[in-house]
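Read-outs throughout are calculated quantities, based only on the coordinates presented, and are distinct from any laboratory measurement. It should be emphasised that the depicted structure is a prediction, and the values quoted were computed from it without experimental measurement.
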Amino acid sequence: MTGSGSGSARKRLIVTGAITLAVAVGAAFAVPPLLAEAEDTPAAAAATATPVISATPIPEPTRAPVDWDALTEEEEEALFAGQGPRGSAMALVQEAYPDDFAYGYMTDDGFGVGFKFDAPAEALATLDAVGDPYDLHENVGFTETDIQPQVSRVSALVQKAVPEGQTFSVSANPFTVTVEVELYPETADGGEHPALSKAALTALTDAIRPGLYPGFDIEIATGTGRIIPLAG
């Protein structure tokens, strides 16, 4: 759901398809600012979440790429200066409303925030105070803390399934409500790890799906971004 209150302060924006949470094993992995890194959590912790409604996807937005080399020093400083108040407001809402906050992200000229149910009035007041346009998503069906143990659980299952030393990343996409696994085949000496068989991939998927938060699905891809077929 996109917010439309407070005059022109809220409007639909073209935004980044950001990732809420991510863990990586064996390799450096960049996580967007303001998005928490999932901690290793026992699989049993997934059972502590009490979802009320199923997560549902929204149209995945895109954002115009930034040509950092073309920016002047003044333009770059202005870009970061504009993001400071937005980031602070999102961080305040994230900390103050853990039972409501789902995700936050920056846009070309504003920001966006998602909430599990209806956004608390006090949270909206904090966001409105920034004075920039923002995209508001309500009733998305999950919070950041609901998804943290899911990402850690999937990471543990993938680590058991892949060859020793293989690197991979696990992340949750809030727009497609998908837990995304990316396997990196390269070895430290420049070779490649053996590919998982279709049977192994199917077994991994079957182990992952039952514990996913309601509404989420699983997607596994290689390091080149190719989706690995799991059926047939």
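In plain terms, the C-alpha convex hull of segment 129-191 casts an average shadow of 7.0 nm² when viewed from every direction.
When all alpha carbon pairs of segment 80-153 are counted in 10 Å bins from zero, the resulting P(r) reads 21, 53, 23, 3 %.
Using alpha carbons only, the radius of gyration of segment 102-211 set against its Kirkwood radius gives Rg/Rh = 1.12.
Would you pull out the residues with amide H under 5 Å of residue 217's amide H, same chain only if 5 or more places away, H placed 1.01 Å from N? It is 178, 179, by chain and number.
Under a 5 Å amide H cut-off, with hydrogens placed 1.01 Å from N, residue 167 pairs with 184 among residues at least 5 apart or on other chains.
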